[in-house]
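Data first, discussion second: the structure below is written as structure tokens.
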Amino acid sequence: MAAAKKVFGAAEASDLVNELRRSFDDGVTRGYDWRITQLKKLLVICDNHEHEIVEALRDDLGKPELESSVFEVALLRNSCKLALKQLKNWMAPDKAKTSLTTFPASAEIVSEPLGVVLVISAWNYPFLLSIDPVIGAISAGNAVVLKPSELAPASSALLAKLLEQYLDPSAVRVVEGNVNETTLLLDQKWDKIFYTGSSKIGRVIMTAAAKHLTPVVLELGGKSPVVVDSNTDLKVTVRRIIAGKWGCNNGQACVSPDYILTTKEFAPKLIDAMKHELETFYGKKPMDSKDMSRIVNSNHFDRLSKLLEEKEVSDKIVYGGDKDRENLKIAPTILLDVPLDSLIMSEEIFGPLLPIITLNNLEESFDVIHSRPKPLAAYLFTHNQKLKERFAMTVSAGGIVVNDIAVHLALHTLPFGGVGESGMGAYHGKFSFDAFSHKKAVLYRSLFGDAPVRYPPYSRGKLRLLKALVDSNIFNIFKVLLGLS
Amino acid sequence: MEAMKETVEESLREMRDTFASGRTRSLKWRKRQIAAIYEMVKDNEDKLCSVLFQDLGKHSTEAFRDELGHVLRSATVAINCLDKWAVPKQSNLPLLFFPAKGKVISEPYGTVLVLSSWNFPISLSLDPLIGAIAAGNTVLLKSSELSPNASAFLAKTIPAYLDNKAIKVIEGGPDVATILLQHQWDKIFFTGSPKIGRIIMAAAAQHLTPVTLELGGKCPTIVDYPTISKNIKSVVKRITGGKWGSCSGQACISVDYVLIEKSFASSLIDMLKPLIRSFFGDNPKESGCLSRIVSKQHVQRLSRLLNDPRVQASIVYGGSIDEENLYVEPTILLDPPLDSEIMNEEIFGPILPIITVRDIQDSIGIIKSKAKPLAIYAFTNDENLKTRILSETSSGSVTFNDVMIQYMCDALPFGGVGESGIGRYHGKYSFDCFSHEKAIMEGSLAMDLEARYPPWNSFKLSFIRLAFSEAYFKLLLLMLGLKRST
């Protein structure tokens, strides 16, 4: 007996938000205990349902078990554990220093939940990118609606099932669907919207948010460049690039190494090393390897094919290039010196294609990167200390990683987010808690000790005293009070 | 307009080139510019007081207290603290990643736009400017056309003191703002109304430009009479000074309305009346201590709020309006209907509704029924009430037993939530407001773990699982072959 799919229209969207708002106003989500309970349940999901999650990811993306276990479940497990351990600290107010002008007073900054928030997730790491922000939302005490991506349908269905089964439905809900459901959700008034996806849709989200003055976090993408200096450990460099590119959802990740910049002189060595390691990792027939995700769907397959087929690009393939549309597979492909204005060098690749652009000297890489929209990540492989410093200081990106790829994702002590086209806001660790909180300033003043200088009628003397107070210079204040100034 | 479009494009080009040159990254340059702002204000105190008097009828003491003094202090704090603020923050990384290092550096966004307001035209222009410069950006300031003399002063004087290839001023109204908003900025900082805030954010969305919106709202003031009756004189002074003594109620953090238990309302009113007279004399229009309403349109707006017959009937003090002289008398209302216009939009003027409640606890419900304001004020010594206010209401800030003064505390973030705004500034928050927090991680090429790389097998899976859960001992056993891979 087929269950009728519940209709989700404008009325349902509005009812949903109203219901969650009532729960929030009733204080359901504010208490420490409620938040801890939800976080513990999320941990149980990670512990007890890993197998189903791995299966769903295999269905949706052909993701290898290790990637699912590590880059989705393990990261989430750690995120839950961290929140469980730190929540008391995070929730505690911060004391703030008061000055002579506000003396006597004490001040603090109190973290309070924003209210009812919307998390819109992506298809490439459907569990990680759904639950990690939800962990942030819940730890900060909000009610939350999650809209997973319909492009990963098995994951979306499993998320809906698990969250419904384990979490408090009066405050945490999942809405499945496509652009229609998303649009209906975006018409509602939210207290925060957290979106992971493309820059194009990021604009749509922010425009919708503007109608209600809803603050947003946009985790977008971009072309994350990898600069490779000849002065590096070639084998380690190449292994990390390969693992970071094809070993992370087959290049379909927001921080995927998009293209390489290196010198003309070094490129042949680099390419040879890459070919060698690629074979070590994926064998002589990479299309048969079970250690890479497939392309998510035929739309993206066709998009990537088009990138390869462009004139002046197709003849630059130096490795790979095989495609299998039926099985949605494209072999790890390396291209050498495609034109800088080609399609493959203009949009985020998000797939297993890796252009290598050669330069006369490594200096030029700064100009190349600078002339493009700011990416989510920028990578550099080198032993050269000066180059590392210059890169870190002058390349603007969400995050910079030297001598590795993508690992900064796993570090809860570093904020993860973009800048410019790659996004706004950040999360992970305490930054997630902060992203979903309002930091309310609280000033406690005493009713004693009032300076008449504050009030009309105004006079010269009052002006002098005010000036001295502003200087917060105790001598000046005394001088004025004693009539010596 | 064509000429204006070209000016904007030219300015943008120049500011972007200046930013690209790296000049603004130098801390010395930033401090020099901020010091120049300090000098500019100090050198021109009299002129500044004069323009503020021309635009808003502000007394020089009010001008200094609310604007000039604030800017001087802001500049001093920025110069003294910039070195500290600009230091990268080291991050502790888990043992698994040893010997990797992590830190966060604050980098300027690039070329930013500051859109200022008319009520505190000097401080609301220069304070964000100080933040933008401290963070190392190039910046274009558009001052408000509703305070033309202040705007003209800034447009003429800033170029004389500051690096005018990096910091520019443009004058004009909505048409200029529209042109500016068509361009891509790296950050937009806006002070003004929620209505315009929405327009700004929608325009910013086209370019994925992050925004800080300092908006407004109806800032309520709870007076829990019985618990503060011993100090009622201070309370009344603070409310009176806060409401009418600062730009005649035209401030985003102005006391908008008072909430008090019914039985104490008349005592409060009986104390407010003589105090208003003592502050502003029998003819406040002539006192020189009360700011003017900024424009005829705003006088008409306030007039309209009072014209509602039910509101008229609630006037217990004041109520007279002189549109020609941009004057609205300090006015007190007692219980205008909660559904009247004056109780549903930000008043931004010298009219003070007093709303009575049966029990002071009921004031929380009233506050919650309205949009989140920029500030909530509460005069009370009841710890229970304080706790309820903090946990059940939401606002940019809460100040107990005073009004307005949170603005001067630069250790506190100043900003709104919901309808009252997005983002915050003041003190270090200004520096952060105009900075991108960039994470930097450096791994070591020396230590490499086989388990990181395909082809995958159960050993590698176990290894990584254990590593992630930081079960280092079990990891060691696995590596020594003393633990089975699962």
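The values are calculated or read from the model by the stated rules, or taken from the named source; none is laboratory data. What you are looking at is a predicted structure, and each value in this text was computed from that prediction instead of being measured. Neighbour counts run over all protein chains shown; Cβ positions are idealised from the backbone, glycine included. Quick note on the areas: whole protein, heavy atoms, side chains included, nothing else; ligands and nucleic acids left out. Shrake-Rupley method; radii C 1.70, N 1.55, O 1.52, S 1.80 Å.
The table for this structure:
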item: Which listed residue is out of contact with any strand residue (DSSP E or B) (no Cβ under 9 Å at 6 or more places or on another chain) and open to solvent by 10 Å² or more (accessible area, probe 1.4 Å), from A:LEU158, A:LEU186; result: A:LEU158
item: Conditions (1) in contact with a helix residue (DSSP H, G or I) (Cβ under 6 Å, 6 or more places away or on another chain); (2) surrounded by 24 or more Cβ atoms within 10 Å (Cβ to Cβ); (3) in a loop (DSSP other than H, G, I, E, B): number failed by B:ALA378; result: (3)
item: Residue list for the range A:209-252, restricted to those being open to solvent by less than 10 Å² (accessible area, probe 1.4 Å), of a type in the set (Gly, Ala, Ser) and more than 7 Å from every other protein chain (Cβ to nearest Cβ); result: A:ALA209, A:GLY221, A:SER224, A:GLY244, A:GLY251
item: Residue in the range B:15-32 that is touching a Leu at 6+ places or on another chain (Cβ under 8 Å), crowded, with 16+ Cβ neighbours inside 10 Å and of a type in the set (Lys, Arg) present; result: yes
item: Output for the range B:149-184, where each listed residue is more than 17 Å from B:LYS31 (Cα to Cα) and either open to solvent by 70 Å² or more (accessible area, probe 1.4 Å) or assigned to a loop (DSSP other than H, G, I, E, B) (or both); result: B:LYS156, B:GLU171, B:GLY172, B:GLY173, B:PRO174, B:ASP175, B:THR178, B:GLN182, B:HIS183, B:GLN184
item: Failed criterion for A:LYS41 (all others in (1) within 22 Å of A:ALA435 (Cβ to Cβ); (2) at the interface with chain B (Cβ under 10 Å from one of its Cβ atoms); (3) open to solvent by 10 Å² or more (accessible area, probe 1.4 Å) hold); result: (2)
item: Helices (runs of 4 or more DSSP H) wholly inside the range B:384-486 that include at least 2 residues being more than 10 Å from every other protein chain (Cβ to nearest Cβ) and within 26 Å of B:PRO373 (Cα to Cα); result: B:428-433
item: Residue list for the range B:231-264, restricted to those being closer than 30 Å to B:SER295 by Cβ and assigned to a helix (DSSP H, G or I); result: B:LYS237, B:ARG238, B:ILE239, B:THR240, B:GLY241, B:GLY242, B:LYS243, B:TRP244, B:CYS247, B:SER248, B:GLY249
item: Residues of the range A:385-403 that turn out to be crowded, with 16+ Cβ neighbours inside 10 Å and on the phi < 0 side of the Ramachandran plot, as a count; result: 13
item: Filter result for B:ASP256 (surrounded by fewer than 16 Cβ atoms within 10 Å (Cβ to Cβ), modelled with pLDDT of 95 or more and away from chain A (no Cβ under 13 Å)); result: no
item: Unmet criterion (only one of (1) over 30 Å from B:PRO454 (Cβ atoms); (2) more than 10 Å from every other protein chain (Cβ to nearest Cβ)) for A:ALA105; result: (2)
item: Residue in the range A:50-57 that is closer than 30 Å to A:PHE301 by Cα and assigned to a loop (DSSP other than H, G, I, E, B) present; result: no
item: Unmet criterion (only one of (1) buried (at least 21 other Cβ atoms within 10 Å of the Cβ); (2) free of Cβ contacts under 8 Å to residues at least 24 places away in the same chain; (3) of a type outside the set (D, E, K, R)) for B:SER278; result: (1)
item: Candidate set from the range B:281-302 (those that are part of a helix (DSSP H, G or I) and either modelled with pLDDT under 95 or exposed (fewer than 15 other Cβ atoms within 10 Å of the Cβ) (or both)); member that is nearest to the other protein chains (Cβ to nearest Cβ); result: B:SER287
item: Where B:LEU272 falls short, out of the listed (1) modelled with pLDDT of 95 or more; (2) within 14 Å of chain A (Cβ to nearest Cβ); (3) closer than 20 Å to B:VAL398 by Cβ; result: (3)
item: Candidates B:TYR327, B:TYR317, filtered to the one that is touching a helix residue (DSSP H, G or I) at 6+ places or on another chain (Cβ under 7 Å), at pLDDT 95 or above and over 27 Å from B:ALA378 (Cβ atoms); result: B:TYR327
item: Candidate set: the range B:303-314, residues that are farther than 24 Å from B:GLY241 by Cα and in a loop (DSSP other than H, G, I, E, B); chosen: the one farthest from the chain's Cα centre (by Cα); result: B:ALA313
item: Among (1) more than 10 Å from chain A (Cβ to nearest Cβ); (2) over 30 Å from B:ALA132 (Cα atoms); (3) open to solvent by 30 Å² or more (accessible area, probe 1.4 Å) - the single one B:ILE367 does not satisfy; result: (3)
item: The range B:185-230, subset facing another protein chain (nearest Cβ under 9 Å), more than 21 Å from the chain's Cα centre (by Cα) and assigned to a loop (DSSP other than H, G, I, E, B), residue surrounded by the most Cβ atoms within 10 Å (Cβ to Cβ); result: B:LEU208
item: The listed residue being over 48 Å from the mean Cα position of the chain (by Cα), closer than 20 Å to B:ASP402 by Cα, within 11 Å of chain B (Cβ to nearest Cβ) and modelled with pLDDT under 75, out of A:PRO457, A:PRO452; result: A:PRO452
item: Search result, residues across the range A:280-309 that are touching a Pro at 6+ places or on another chain (Cβ under 9 Å) and open to solvent by less than 60 Å² (accessible area, probe 1.4 Å); result: A:PHE281, A:TYR282, A:GLY283, A:PRO286, A:SER289, A:ASP291, A:MET292, A:SER293, A:ILE295, A:LEU304
item: Set A:GLU112, A:GLU150, A:GLU176, A:GLU164: member being charged (D, E, K, R) and over 24 Å from A:ALA56 (Cα atoms); result: A:GLU112
item: Count of the range A:257-279 residues which are open to solvent by 10 Å² or more (accessible area, probe 1.4 Å), away from chain B (no Cβ under 14 Å) and not acidic (Asp, Glu); result: 7
item: Lone qualifier among A:SER121, A:SER106, A:SER111 - being closer than 24 Å to B:ARG388 by Cβ and at pLDDT 95 or above; result: A:SER111
item: Residue in the range A:398-407 that is more than 8 Å from chain B (Cβ to nearest Cβ) and under 22 Å from A:ILE242 (Cα atoms) present; result: yes
